[in-house]
Structure formats: structure tokens, C-alpha cells
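S.K.: Got a structure for you, questions after.
The values are calculated or read from the model by the stated rules, or taken from the named source; none is laboratory data. Values in this document were obtained by computation on a predicted structure and should not be read as measured data. With ideal geometry, Cβ positions are generated from the backbone for all residues, glycine too; neighbour counts draw on all protein chains shown. The area values use the complete protein model at the heavy-atom level, side chains included, leaving out ligands, DNA and RNA. Shrake-Rupley method; radii C 1.70, N 1.55, O 1.52, S 1.80 Å.
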Amino acid sequence: QVQLVESGGGLVQAGGSLRLSCELSGSIFRIYDMGWYRQAPGKQRELVAAITSGGSANYADSVKGRFTISRDNAKNTVYLQMNSLKDEDTAVYYCNAVVRLRVYWGQGTQVTVSS
């Protein structure tokens, strides 16, 4: 059974940094396309960044130049480095794994940016 466990969320001041981690267990990590989504109160869940099994990354326009997604296949983990955080980055961040049309989600981790 595939499980995704996120960590690294918390409270940070505007302009600060956080690194989120998501570890996949129960399957072969390297074959999955991985993503980070977020959902702010009253808003729909949105894609923040994604990285394919081959290592190609893409980002939402709102985070380009500030966030970096990466993966370590040896550790079964995907990361989201978030720099220059803004108030509008406050949300619950979810890890996502996709393979052969199967989609898995983590439980989410709260990121709160204070000004």
C-alpha cells in the first residue's frame, strides 16, 4: 500500500524559508511522478510544483524563482524548498504521487507565513 508522509511545515516570517519533505513507502519511488499542491482556506487545491520520474520539473507562475522541487530516489523522498515566502503562500501543502493513472495523496502539512 502506497503511503505518503509529509513533514517540514510550520510558521515562518515573510521572506523566510522552509523545506518540505515527502517520503513514499510501499512502492518503487523512482517510477512515480511527484507533485506538491496547496490549498488555502476558501480556495481550491492548486498545483505548486511537479517533477517527473525522469527529473523534469515545472512550477506554478506564482512560485517560479522562489520554490524548487527536487527528488532523491535513494531516499524515496521529494522535497520542496521554499524561499522568499509571502503571506499568500499560507496553505496546507499536499504531496502527490502518480503512476499509471493511479493517484496518491499525503495527509498535508500546514505552512503559515506571517508578516
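S.K.: Kindly provide the set of residues from segment 22-37 that are open to solvent by 50 Å² or more (accessible area, probe 1.4 Å) and within 11 Å of Y104 (Cα to Cα), ordered by number.
M.R.: D33, the sole residue that qualifies.
S.K.: Pull up segment 75-111, narrow it to residues that are open to solvent by less than 50 Å² (accessible area, probe 1.4 Å), in a strand (DSSP E or B) and of a type in the set (S, T, N, Q), then point me to the one that is nearest to L18 (Cα to Cα).
M.R.: Going through the qualifying residues, I end up with T109.
S.K.: Can you find, within segment 66-98, the residue that is nearest to I31 (Cα to Cα) among those that are in contact (Cβ under 8 Å) with a residue 12 or more places away in the chain and among the small types (G, A, S)? Break it down into steps so the answer makes sense when it comes.
M.R.: First, the residues of segment 66-98 that are in contact (Cβ under 8 Å) with a residue 12 or more places away in the chain: 66-71, 73, 75-98.
Applying the additional criterion that residues be among the small types (G, A, S) yields 70, 84, 91, 97.
Numbers: S70: 15, S84: 31, A91: 28, A97: 10 Å.
Here the residue is A97.
Quick grid of which residues meet (1) of a type in the set (F, W, Y); (2) at pLDDT below 95:
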{"site": "G8", "(1), (2)": "no, no"}
{"site": "S21", "(1), (2)": "no, no"}
{"site": "P41", "(1), (2)": "no, yes"}
{"site": "G65", "(1), (2)": "no, no"}
{"site": "T68", "(1), (2)": "no, no"}
{"site": "M82", "(1), (2)": "no, no"}
{"site": "T90", "(1), (2)": "no, no"}
{"site": "Y93", "(1), (2)": "yes, no"}
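S.K.: Which of the strands (runs of 3 or more DSSP E) contained wholly in segment 23-63 include at least 1 residues that are farther than 19 Å from N76 by Cβ and among the β-branched types (V, I, T)? Break it down into steps so the answer makes sense when it comes.
M.R.: Details: elements: 33-39, 46-51, 57-59.
Of the strands (runs of 3 or more DSSP E) lying wholly inside segment 23-63, those with at least 1 residues that are farther than 19 Å from N76 by Cβ and among the β-branched types (V, I, T) span 46-51.
S.K.: Among the residues of segment 8-16, is there at least one that is within 11 Å of the chain's Cα centre (by Cα) and part of a loop (DSSP other than H, G, I, E, B)? Step through it out loud before you land on a result.
M.R.: Our first condition is that a residue be within 11 Å of the chain's Cα centre (by Cα); within segment 8-16, this holds for 8-9.
From the residues that got through so far, the ones that are part of a loop (DSSP other than H, G, I, E, B) too are 8-9.
Yes, segment 8-16 contains at least one residue that is within 11 Å of the chain's Cα centre (by Cα) and part of a loop (DSSP other than H, G, I, E, B).
S.K.: For segment 44-58: of the residues being touching a residue at least 12 places away in the same chain (Cβ under 8 Å) and open to solvent by 30 Å² or more (accessible area, probe 1.4 Å), which is farthest from L85 (Cα to Cα)?
M.R.: Of segment 44-58, the ones touching a residue at least 12 places away in the same chain (Cβ under 8 Å) are 45-53, 55, 57.
Now drop any that are not open to solvent by 30 Å² or more (accessible area, probe 1.4 Å), which leaves 45-47, 52-53, 55, 57.
On the way: R45: 18, E46: 17, L47: 17, T52: 24, S53: 27, G55: 24, A57: 20 Å.
Looking at residues that are touching a residue at least 12 places away in the same chain (Cβ under 8 Å) and open to solvent by 30 Å² or more (accessible area, probe 1.4 Å), I get S53.
S.K.: I've got another one for you. So, in segment 10-20, exactly how many residues are under 20 Å from G106 (Cα atoms) and surrounded by 17 or more Cβ atoms within 10 Å (Cβ to Cβ)?
M.R.: Step one: filter segment 10-20 for residues under 20 Å from G106 (Cα atoms), giving 10-11, 18-20.
Then keep just the ones that are surrounded by 17 or more Cβ atoms within 10 Å (Cβ to Cβ); that gives 18, 20.
Total satisfying the criteria: 2.
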